[in-house]
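S.K.: One structure, pasted below without further comment.
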Ligand SMILES: [Cu+2]
């Protein structure tokens, strides 16, 4: 084998334990820490979270939060076997390469797009999600079922995070949107931790500084950051919106949306 043009689906996430030890996990990552990954060889990102990108982008240094996925087209033209590694120099994916070095191939074209309804931001249904809690955070008073609790009482009940001042899954959805209608959710990360916010059932674009990201289903929000996501109601049902650091989800970071 002299040269490989390979498509790699990175359904793997680096789980970094506080000790600095690392392991690979499946796409349903449970890590509290996002991982930094680098790519050797000539590599292009052609899809995010399973959604083809309109334009492939050169892959450089990347951050993959729990449950985020990338598809890469890689031209393995060198002889270094490792394709991706973590900041801890732990190899995440690689190929065995033999033969002589070859010239690199041309950039790959885009994958066939998935059909997506256009966003109508002017008429969008809107909601705001305030994310609080955690170490060095200010959760304040919160609601659990019908009760009002101090943050200390909530922690005794096993809740460390709150969405809009509620630690359990609310009875009412964060928002209801019709099939074909556009919804915008503004998420305010008012904590000292990153959170990988994951929406089930539909893909969204991230709106930042007037620009739209490619379609995807998970966005990493950093401490103090406000992130807007926009999507079109596509699949009727009740859909979770939650942090995919699953220990966070289990202790307060879960809400839901209704598409009808
Ligand atoms: Cu989180």
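S.K.: Mind listing the Cα extents of the range 146-211 along all three principal axes, in Å, largest one first?
M.R.: Taking max minus min along each principal axis of the Cα atoms, the range 146-211 gives 41, 27, 17 Å.
S.K.: Output the peptides 107-119, 158-170, 139-151, 195-207 sorted from most to least packed, where packing is the average of other Cβ atoms within 10 Å over each peptide's residues. Mind showing how you got there, number by number?
M.R.: Details: 107-119: 12.1, 158-170: 19.2, 139-151: 14.8, 195-207: 21.5.
Averaged packing, sorted descending, gives the order 195-207, 158-170, 139-151, 107-119.
S.K.: State, to one decimal in nm, how far the label point of residue 63 lies from the label point of residue 235, with both points 7 Å from Cα in the Cβ direction.
M.R.: Between residue 63 and residue 235, the label points sit 2.7 nm apart.
S.K.: In vacuo Debye scattering of the range 121-259, one point per C-alpha: log10 I(q)/I(0) at q = 0.11, 0.12 Å⁻¹?
M.R.: Values returned for q = 0.11, 0.12 Å⁻¹ are -0.37, -0.45.
S.K.: Hey, for a label at residue 225 modelled as a point 7 Å past Cα toward Cβ, could you say which residues of the range 130-165 have their backbone N under 15 Å away?
M.R.: Within reach of a label on residue 225: 131.
S.K.: Here is a further query. If r is the Cβ-Cβ distance from residue 211 to residue 135 and R0 is 25 Å, what FRET efficiency results, to the nearest 0.05?
M.R.: Working: r = 33 Å, r/R0 = 1.31.
Rounded to the nearest 0.05, the efficiency is 0.15.
S.K.: Continuing with this model, one more query. If packing is taken as the mean number of other Cβ atoms within 10 Å per residue, what is the order of 239-249, 121-131, highest first? Walk me through the intermediate numbers first.
M.R.: Values: 239-249: 21.0, 121-131: 15.3.
Result, highest mean Cβ count within 10 Å first: 239-249, 121-131.
S.K.: Kindly identify the range 169-246 as rounded, prolate or oblate by the Cα gyration tensor criterion: order the square roots of the eigenvalues as a ≥ b ≥ c, call it rounded if a/c is under 1.5, otherwise compare a/b with b/c, prolate if a/b is larger, else oblate. Numbers along the way, then the final one.
M.R.: Values: a/c = 1.86, a/b = 1.26, b/c = 1.47.
Cα axes put the range 169-246 in the oblate bin.
S.K.: A follow-up question, please. Work out, step by step, the length gained on full extension between residue 103 and residue 117: first 0.36 nm times the residue separation, then minus their alpha carbon distance; give nm to one decimal.
M.R.: Working: separation 14, 0.36 × 14 = 5.04 nm, distance 4.03 nm.
Net length gain for the segment: 1.0 nm.
Read-outs: derived from the displayed coordinates by stated rules, not from any lab. All figures in this text were calculated on a predicted structure; none of them were measured in a lab. Counting neighbours? That spans all protein chains shown, and the Cβs are built from the backbone with ideal geometry, glycine included.
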